[in-house]
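Q: Attaching a single structure in structure tokens format; questions to follow.
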Amino acid sequence: MNPFVQFVKGLSDRLGSGFSSLNQNDPSKVAYVRNLERQLRNKDTLDVPFEELAVVVFDLETTGFYPYKGDEILSIGAVKVEGTKILHDQTFYSLVYSESAPSEEITKLTGITGEMLLESPALRDVLKDFYSYVKTNTLVAHHANHEKQFMNHATWLALRKNFQHRIVDTSFLTKIVHKEKDLISLDDCCAHYEIGIKHRHHAFHDAMATARLWVESIKDIQQLGFQNLNDVYTYLATLK
């Protein structure tokens, strides 16, 4: 079975009693699963024109940089984007439960305290809700390797599933559009586009800023003649 559908099977809070009891007497749920499988089989985001591409731009706040050495996800923030339109009414944000309080440095940076985490939902529940929100959409993040490492680790740790979603790094676009500039950090990129960040190092607000960066980069790269992600990856391959 497709790994994403396995995620859906666990979403009992969204889908009644859950798919563990799914049978042919429950045609609505059978149809739902089959529809998801069909979408995943037929979806080729690389060839979707940028003006039609639906993505989820997301950001993680974490206790550090090394999930396999014990660092944890503190919060997840996300917003959906269709083409160059940010869907402000389709957002996601959640803190993640932890018995361990973040360091004083991390609390100062993110504003997240140990007390806040103790009152938050467990990682398993947050990931279930997040994957239900994302569905089959492509993910976008700034410096996406950080997010990918943590999602790989957390998804297996909490759900015993492999992380399957494609993540596109915003730098794939800025490397082409502004190759003469040294735009590395989110702050640098947002400053270039005059994008304000309401609350830096807050997963939701960083995700919103990254979404605006993505939209501006899409507009710029289209001006250069790039039509889809396949064009981008093909060009980047020639630079190696």
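Q: Sequence-distant or interchain residues sharing an amide H contact under 5 Å with Gly111, placed H: which?
A: When sequence neighbours closer than 5 places are left aside, there are no close amide H contacts.
Q: Now a separate question. Given points 7 Å out from each Cα along the Cα-Cβ axis, report the Asp188 to Glu82 separation in nanometres with one decimal.
A: Spacing of the two 7 Å Cα→Cβ label points: 3.5 nm.
Q: Something else now. Which shape class, rounded, prolate or oblate, goes with segment 109-240 when its Cα gyration tensor gives a ≥ b ≥ c as root eigenvalues, a/c under 1.5 marks rounded, and past that a/b bigger than b/c marks prolate?
A: Because a/c hits 1.5 or more and a/b fails to exceed b/c, segment 109-240 counts as oblate.
Q: Residue by residue, what Karplus-based ³J(HN,Hα) values in Hz, rounded to whole numbers, does segment 61-77 have, using 6.51, -1.76 and 1.60 with θ = phi - 60° and x for Gly and Pro?
A: Whole-Hz 3J(HN,Hα) from phi for segment 61-77: 9, 9, 7, x, 10, 10, x, 7, 10, x, 5, 10, 7, 9, 7, 10, x.
Q: Same structure, new question: Residue-wise, which Karplus ³J(HN,Hα) couplings in Hz belong to segment 147-164, taking 6.51 cos²θ - 1.76 cosθ + 1.60, θ = phi - 60°, and x for glycine or proline?
A: Karplus values, whole Hz, x for Gly and Pro: 5, 5, 4, 5, 5, 4, 5, 5, 5, 6, 4, 8, 10, 6, 10, 7, 6, 10.
Q: Compare Val177, Val168 by solvent-accessible area with a 1.4 Å probe and give them largest first, with all protein chains kept in place.
A: Val177, Val168
Q: Here's another thing I want to ask about it. Within the accessible area of segment 96-236, what % is carbon and sulfur when the probe is 1.4 Å and the other protein chains stay in place?
A: The C+S portion of the solvent-accessible surface of segment 96-236 is 47 percent.
Q: Kindly write out, for segment 186-201 in residue order, the coupling ³J(HN,Hα) from the Karplus curve 6.51 cos²θ - 1.76 cosθ + 1.60 (θ = phi - 60°), rounded to whole Hz, with x marking Gly and Pro.
A: Values, residue by residue: 4, 4, 4, 5, 5, 4, 4, 8, 6, 9, x, 10, 4, 8, 5, 6 Hz.
Q: Between His146 and Glu119, what length comes free when the chain is fully extended (0.36 nm per residue of separation minus the Cα-Cα distance, one decimal in nm)?
A: 7.2 nm
Q: May I pose another question? Can you sort Glu72, Glu115, Glu82 by 1.4 Å-probe accessible area, starting with the largest?
A: Glu115, Glu82, Glu72
Q: So what's the Cα pair-distance distribution over segment 33-192, bin width 5 Å, in %?
A: Result returned by the calculation: 2, 8, 15, 20, 20, 16, 11, 6, 3, 0.
Q: Another question, if that's okay. Using 19 Å as the Cα-Cα cut-off, could you pick out the over-long pairs in Lys128/Lys161; Lys85/Lys219; Lys69/Lys148; Lys135/Lys219; Lys80/Lys219; Lys179/Lys219?
A: As for pairs spanning more than 19 Å Cα to Cα, those are Lys135/Lys219.
Q: With every protein chain kept in place and ligands, DNA and RNA left out, what is the accessible area per residue of segment 131-240? Probe 1.4 Å, answer in Å².
A: Using a 1.4 Å probe on heavy atoms only, each residue of segment 131-240 averages 48 Å².
The values are calculated or read from the model by the stated rules, or taken from the named source; none is laboratory data. All figures in this text were calculated on a predicted structure; none of them were measured in a lab. Counting neighbours? That spans all protein chains shown, and the Cβs are built from the backbone with ideal geometry, glycine included. Ligands, DNA and RNA are excluded from the accessible area calculation, which covers all protein heavy atoms including side chains. Shrake-Rupley method; radii C 1.70, N 1.55, O 1.52, S 1.80 Å.
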